[in-house]
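The values are calculated or read from the model by the stated rules, or taken from the named source; none is laboratory data. Since we're looking at a predicted model, the values are computed, not measured. All Cβ positions, glycine included, derive from the backbone under ideal geometry; neighbour counts span all protein chains shown. Each accessible area value is taken on the protein alone, full model and side chains, heavy atoms only, with ligands, DNA and RNA left out. Shrake-Rupley method; radii C 1.70, N 1.55, O 1.52, S 1.80 Å.
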Protein chains: 2
Amino acid sequence: MLGAVVGGGVVVGGGGFALGHSLSSSAAEAANSGSPDIPFYAQHQGGIATPAQDRLAFAAFDMTSTSRDDLRDLLLTWTQAAAKMTAGQPVGPTETQPEVPPVDTGEALGLAAGGLTITIGFGPSLFDQRFGLASKKPAILTPLPALPGDELQPEISNGDIGVQACADDPQVAFHAIRNFARLARGVAVLRWSQLGFGRTSTTSNSQATPRNLMGFKDGTNNIKLEDTSALADFVFVGNEGDQAWMRGGSYLVTRRIRMHIESWDRDRLGDQEAVFGRTKTSGAPLTGKSEFDTVNLTAKGSDGQTVIPADAHIRLAGPASNGGLKILRRGYSYTDGIDPRTGELDAGLFFIAYQKDPHKQFVPIQTRLGSSDALNEYITHTSSALFACPPGASTSKPWGADLLR
Amino acid sequence: MLGAVVGGGVVVGGGGFALGHSLSSSAAEAANSGSPDIPFYAQHQGGIATPAQDRLAFAAFDMTSTSRDDLRDLLLTWTQAAAKMTAGQPVGPTETQPEVPPVDTGEALGLAAGGLTITIGFGPSLFDQRFGLASKKPAILTPLPALPGDELQPEISNGDIGVQACADDPQVAFHAIRNFARLARGVAVLRWSQLGFGRTSTTSNSQATPRNLMGFKDGTNNIKLEDTSALADFVFVGNEGDQAWMRGGSYLVTRRIRMHIESWDRDRLGDQEAVFGRTKTSGAPLTGKSEFDTVNLTAKGSDGQTVIPADAHIRLAGPASNGGLKILRRGYSYTDGIDPRTGELDAGLFFIAYQKDPHKQFVPIQTRLGSSDALNEYITHTSSALFACPPGASTSKPWGADLLR
């Protein structure tokens, strides 16, 4: 049933309006501007080694059906819908007969895809007894352990299926999540969602490192997307896993990291820079002069102490402190109004990282950070989730085809 | 005290980094792209008759100080900060001495102003006994009456001072609100805040009418910003008011209108179109063929009923049903995650309207809509506020100068 509405089973009404890119002359003009479309059918899912788009809409869903067929149908429906939306098209006719609801909700009509990617992942809970998937569960898809400093809220953590929608237009990203929720009706429900914003392509040099809400450049030493060797070493699952269906996939960790920005804003500049190990304005490491200068972890100042403190974020988060391990980060800033308990802004970083093995990569890094990082005074992790993201879909293999085979 | 930090009372550190547009070559390049700056010092405040930017950050503040001098200082500080931020500059030095906190929080460094406007307004509560302003209260600045269908939440309604920050970059809009909150420390606190998103300039023709989250074009018959006669008739206060300090100003009504989009998405197309009185895909009135065709409220169908139903939104909200009165709307869509009580998306429209007299313009229109509008089944008003926005500031007259004279 679910598949049918996307596949075109609903009769198009007589309104005479073509859909999508050819909607109207002004809409077509709009659709031709902006970011290029990201191919949906590909070896890896989009949204992982894709240059970070400006906006994020993330959602976690829980299955309400316990039918394996419903799960398969849902993944097929979502695959077909994602293929359409990432090409700037509605998920189905908006000009239905008057007697039936429109298939697409319509708010993205006339808007370009804006580089939309939709990335799906399966949480550990999906592999419980409900769908007969226990034997397909990767050994490393076990929930993250309790980590130092966690103050996680269960109602905004975890979930059976995670969906990351990124685009340069927030209405397009929201539209994707909303239509996934609509197409899931009766089978799965939203568990939690999060909006985020990042660099802005219209006003920021694409090579510039964006700043986080603490005012510091964030991501200087991230894995470069053109570094295919690092992507193979650290991000995409090769032949080493125990589950063939994850080859070409990646493991996604999300963490909602609230920043106590009022406290931060009261901190003196010298301490802020010591916390990060970088100069605030330029982004240069404290041992260098410009942003991309090599971080010198052993250089000492006139006081005999290392210039970059022992508990500086740049030291503890870097590969040198983590056995050379890296993760691919693509975080987004968020702000969710005011915390009614404190009257302070609820804002921070929605951290997203892709990696081959979260227990060998994210967990040891975060354990080190959570224990010692000078940043801890100013942040709290309030949400956490882990998802196994399969490889890219193809027209003959929708999301989950190999998992549910 | 507050004024000093913006005015340059903090010594700039020796880092040698120029601030703002000349931060670095890449930042300068970024700053030169994007939207043009909107002049801050002008007859009217920006953000009213300014073409709607892509993003909104709105906040309401409550005074915690009861000192009239503190209020005056705060408004001076905010005026100076707004003049800097709307020109793409930080509110003060980021390169302070290490012993003191940076004056600007830094997250917008290197970003262009993105068409930033900051618009301030004074709520009815500011004119109580605290600041001796009772005699300066406009007679029409009385709280909005209870309106049909209201389900207002007091904690996200009203406030002593409202601040609307609009820009094409959400980080820039957020930065403005955050720095206002920081500069107000000890004098005023955030009461509530709201983010919103609208059209996206990179992907949408600037002449195209944006769609709301119900998928319908919204704003087709809004006051055109080039229609100076309509702005004078309906938006900006002239000589008719009882308070000289409001001449050139406008009255701002905000309403957070939650849409029950899950119910809406289940509604059949014919009913959706009858609710609005427009065709969904094209935006044409049901009596026309294209979006800007004249709405014919008397045309009848073969069944003898008017084609545009008696309770259609387009009929009840239009000037013909409201004695020719218009308001200037500049609403933004919002989505604030999931309502924990229902599991449904908390999303809708943050309605913003500027007008000469809310009791003659917004109140009768909303009373009519709240009583009869077919849309009511699908929406709930959850927040409401009213602010008196003074005219534009000048270098010799900061915000509130005439009010506090």
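Filter the stretch B:258-274 down to residues that are part of a loop (DSSP other than H, G, I, E, B) and open to solvent by 30 Å² or more (accessible area, probe 1.4 Å) and give me whichever is nearest to the other protein chains (Cβ to nearest Cβ). If we take residues in the stretch B:258-274 being part of a loop (DSSP other than H, G, I, E, B) and open to solvent by 30 Å² or more (accessible area, probe 1.4 Å), then B:R268 is nearest to the other protein chains (Cβ to nearest Cβ).
Elements of the type strands (runs of 3 or more DSSP E) sitting completely within the stretch B:107-216 and holding at least 1 residues that are facing another protein chain (nearest Cβ under 10 Å), open to solvent by less than 20 Å² (accessible area, probe 1.4 Å) and in contact (Cβ under 8 Å) with a residue 24 or more places away in the chain: these cover B:161-167, B:188-197.
Mind listing whichever residues of the stretch A:370-398 are in a loop (DSSP other than H, G, I, E, B), out of contact with any Asp or Glu (no Cβ under 9 Å at 6 or more places or on another chain) and open to solvent by 10 Å² or more (accessible area, probe 1.4 Å)?
Restricting attention to the stretch A:370-398, the residues satisfying the condition of being in a loop (DSSP other than H, G, I, E, B) are A:373, A:390-398.
Filter once more, so that each one left must be out of contact with any Asp or Glu (no Cβ under 9 Å at 6 or more places or on another chain): A:392-398.
Result: A:G392, A:S394, A:T395, A:S396, A:K397, A:P398.
Could you list all residues from the stretch A:299-350 that are part of a helix (DSSP H, G or I) and among the hydroxyl-bearing types (S, T, Y)?
First pass over the stretch A:299-350, keeping only residues part of a helix (DSSP H, G or I): A:313-317, A:319-321.
The answer is A:S321, and nothing else.
The C-beta contact set for the stretch A:86-102 (first residue within 7 Å of chain B (Cβ to nearest Cβ) and in a loop (DSSP other than H, G, I, E, B), second residue open to solvent by 10 Å² or more (accessible area, probe 1.4 Å) and among the basic types (K, R), distance under 7 angstrom, 6+ apart or interchain) comprises A:P98/B:R268; A:E99/B:R268; A:V100/B:R268; A:P101/B:R266; A:P101/B:R268.
Looking only at residues in the stretch A:28-42 that are crowded, with 21+ Cβ neighbours inside 10 Å and modelled with pLDDT under 50, the one that is nearest to the other protein chains (Cβ to nearest Cβ) is A:A30. Looking only at the stretch B:43-69, residues that are outside any loop (DSSP other than H, G, I, E, B) and open to solvent by less than 40 Å² (accessible area, probe 1.4 Å) come to 9 in all. Here B:A87 passes the criteria (1) of a type outside the set (V, I, T); (2) buried (at least 19 other Cβ atoms within 10 Å of the Cβ); (3) over 20 Å from B:A388 (Cα atoms) except the one numbered (2). Scan the stretch A:324-335 and give yes if some residue there is out of contact with any strand residue (DSSP E or B) (no Cβ under 8 Å at 6 or more places or on another chain) and surrounded by fewer than 20 Cβ atoms within 10 Å (Cβ to Cβ), otherwise no. Yes, the stretch A:324-335 contains at least one residue that is out of contact with any strand residue (DSSP E or B) (no Cβ under 8 Å at 6 or more places or on another chain) and surrounded by fewer than 20 Cβ atoms within 10 Å (Cβ to Cβ). Given the criteria open to solvent by 30 Å² or more (accessible area, probe 1.4 Å) and within 29 Å of B:S250 (Cβ to Cβ), does B:R315 qualify? Yes, satisfied.
In the stretch A:220-241 there is no residue that is closer than 30 Å to A:T281 by Cα, open to solvent by 20 Å² or more (accessible area, probe 1.4 Å) and within 14 Å of chain B (Cβ to nearest Cβ). Within the stretch A:275-290, the set of residues being within 16 Å of A:H313 (Cβ to Cβ) and facing another protein chain (nearest Cβ under 9 Å) comprises A:T279, A:K280.
Within the stretch A:296-324, residues that are over 18 Å from A:K217 (Cβ atoms) reach partners that are of a type in the set (S, T, N, Q) and open to solvent by 50 Å² or more (accessible area, probe 1.4 Å) with beta carbons closer than 7 Å, at six or more positions or on different chains, in the pairs A:T306/A:T298; A:D311/A:S372. Here A:I338 passes the criteria (1) within 14 Å of another protein chain (Cβ to nearest Cβ); (2) touching a residue at least 12 places away in the same chain (Cβ under 8 Å); (3) open to solvent by 30 Å² or more (accessible area, probe 1.4 Å) except the one numbered (2). For the stretch B:250-298, the set of residues classified as under 30 Å from B:A388 (Cβ atoms), out of contact with any helix residue (DSSP H, G or I) (no Cβ under 8 Å at 6 or more places or on another chain) and aliphatic (A, V, I, L, M) consists of B:L252, B:I257, listed by residue number. Can you say whether A:D357 is away from chain B (no Cβ under 14 Å), in contact with a strand residue (DSSP E or B) (Cβ under 8 Å, 6 or more places away or on another chain) and outside any helix (DSSP H, G or I), as far as the supplied structure shows? Criteria met by A:D357.
A single entry from A:G249, A:G277 fulfils the requirement of being over 30 Å from A:A134 (Cα atoms), surrounded by 23 or more Cβ atoms within 10 Å (Cβ to Cβ) and among the small types (G, A, S): A:G277. With respect to being at pLDDT below 95, more than 25 Å from the chain's Cα centre (by Cα) and at positive phi, B:G110 fits the description.
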